[in-house]
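Novice: Next up is a structure, given as C-alpha cells.
The values are calculated or read from the model by the stated rules, or taken from the named source; none is laboratory data. Keep in mind that this is a model prediction, so the values were computed, not measured. For neighbour counting, all protein chains shown are included, and Cβ atoms are generated from backbone atoms with ideal geometry for every residue, glycine included.
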C-alpha cells in the first residue's frame with residue numbers, strides 16, 4: 001500500500017512516500033528547502049528503524065520517528081523488517097548535500113528591465129549559493145524556453161546569473177546550462193570560496209531575456225560541505 005505525506009514541494013515543504021509491505025514500512029523523504037529540517041514520519045508503532053539510503057554529505061539522523069535532513073536531501077528509511085542491513089542501499093557519494101547552510105541578508109534592486117542586482121560580503125571558507133526565480137503578473141512562475149536542439153538556446157542564456165568582484169567576472173558552478181523541452185522559471189549557481197579573495201564585496205546580477213516585464217526574485221545562501 002502506497003500513500004503520500006508531508007507538505008507541498010513547490011512551497012519548500014518536506015514530503016514523502018510511505019510504502020507498506022509484509023516485512024514492514026519504507027518511507028522515502030525529500031527536503032526541497034534550503035534549510036536543515038525535521039519531519040515526522042507517519043509510522044507510530046515499530047520495533048526497528050534505520051536510514052537505508054541517503055544522498056551524500058549531510059548525515060541524516062533519527063530521533064524515534066523524527067528524521068533530520070539537509071537542504072535538498074533525499075533519504076529512505078526502513079522500519080521493522082526493512083531496517084535490516086540486507087536492505088541497505090548505501091550513500092550516494094556523487095551527491096554532496098551541505099552540512100550547514102544559512103541565508104544571507106541581500107537587498108536586490110531592479111537595475112533595468114528584467115534585471116536585478118545585489119551585493120554581498122563573502123564569508124571566508126563558505127560556498128555561496130544563488131537561487132533566482134521569475135514570476136508573471138499573476139504571481140505564478142513564468143517558464144522560459146529557448147527552443148529545441150540543435151538550434152535552441154541553453155537555459156543559462158535566457159536566465160542569467162553573473163557575479164563580479166572588482167570588475168572581474170567570478171567563475172560559477174551551474175548545472176542548468178541545458179536545452180530543456182519544458183523550459184525553466186529559475187536558475188541556480190554556486191561559487192567556490194577559493195574563487196573569492198577575502199574581504200572584497202561581490203556583485204550579483206540576475207536577468208531574464210523574456211520581453212514581458214516580469215517580477216524577479218533572488219536569494220543567496222552561505223554553505224559548507
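Novice: Can you tell me which residue within region 11-20, out of those that are part of a loop (DSSP other than H, G, I, E, B) and surrounded by fewer than 18 Cβ atoms within 10 Å (Cβ to Cβ), is modelled with the lowest pLDDT?
Specialist: Of region 11-20, the ones part of a loop (DSSP other than H, G, I, E, B) are 12-14.
Now restrict to residues that are surrounded by fewer than 18 Cβ atoms within 10 Å (Cβ to Cβ): 12-13.
Numbers: 12: 88, 13: 92.
That would be 12.
Novice: Among the residues of region 66-107, write down those that are assigned to a loop (DSSP other than H, G, I, E, B), in contact (Cβ under 8 Å) with a residue 60 or more places away in the chain and crowded, with 19+ Cβ neighbours inside 10 Å.
Specialist: Once the filter is applied, which keeps residues that are assigned to a loop (DSSP other than H, G, I, E, B), in contact (Cβ under 8 Å) with a residue 60 or more places away in the chain and crowded, with 19+ Cβ neighbours inside 10 Å, region 66-107 yields 71, 98.
Novice: Here's something else I'd like to know. Would you confirm whether or not region 204-224 contains a residue that is crowded, with 16+ Cβ neighbours inside 10 Å, part of a helix (DSSP H, G or I), assigned by TED's automatic domain parsing to the domain that holds residue 132 and over 21 Å from the mean Cα position of the chain (by Cα)?
Specialist: No, region 204-224 has no match at all.
Novice: Now a separate question. Across region 32-61, what is the number of residues that are without any contact (Cβ under 8 Å) to a residue 60 or more places away in the chain, surrounded by 15 or more Cβ atoms within 10 Å (Cβ to Cβ) and not in a loop (DSSP other than H, G, I, E, B)?
Specialist: Counting residues in region 32-61 that are without any contact (Cβ under 8 Å) to a residue 60 or more places away in the chain, surrounded by 15 or more Cβ atoms within 10 Å (Cβ to Cβ) and not in a loop (DSSP other than H, G, I, E, B) gives 10.
Novice: Additional query: With the structure loaded, tell me whether residue 187 is buried (at least 17 other Cβ atoms within 10 Å of the Cβ), assigned by TED's automatic domain parsing to the domain that holds residue 106 and part of a loop (DSSP other than H, G, I, E, B) or whether it fails that test.
Specialist: Details: buried (at least 17 other Cβ atoms within 10 Å of the Cβ): yes; assigned by TED's automatic domain parsing to the domain that holds residue 106: yes; part of a loop (DSSP other than H, G, I, E, B): no.
So residue 187 does not fit the description; no.
Novice: Taking region 21-31 on its own, how many of its residues are part of a loop (DSSP other than H, G, I, E, B) and either out of contact with any strand residue (DSSP E or B) (no Cβ under 8 Å at 6 or more places or on another chain) or modelled with pLDDT of 95 or more (or both)?
Specialist: 2
Novice: Given the conditions (1) closer than 27 Å to residue 130 by Cα; (2) surrounded by fewer than 18 Cβ atoms within 10 Å (Cβ to Cβ), report the number of the one that residue 5 does not fulfil.
Specialist: (1)
Novice: Another question, if that's okay. Please go through (1) free of Cβ contacts under 8 Å to residues at least 40 places away in the same chain; (2) touching a strand residue (DSSP E or B) at 6+ places or on another chain (Cβ under 8 Å); (3) surrounded by 15 or more Cβ atoms within 10 Å (Cβ to Cβ); (4) not in a helix (DSSP H, G or I) for residue 160 and return the number of the only condition it doesn't satisfy.
Specialist: Here residue 160 clears every test but (1).
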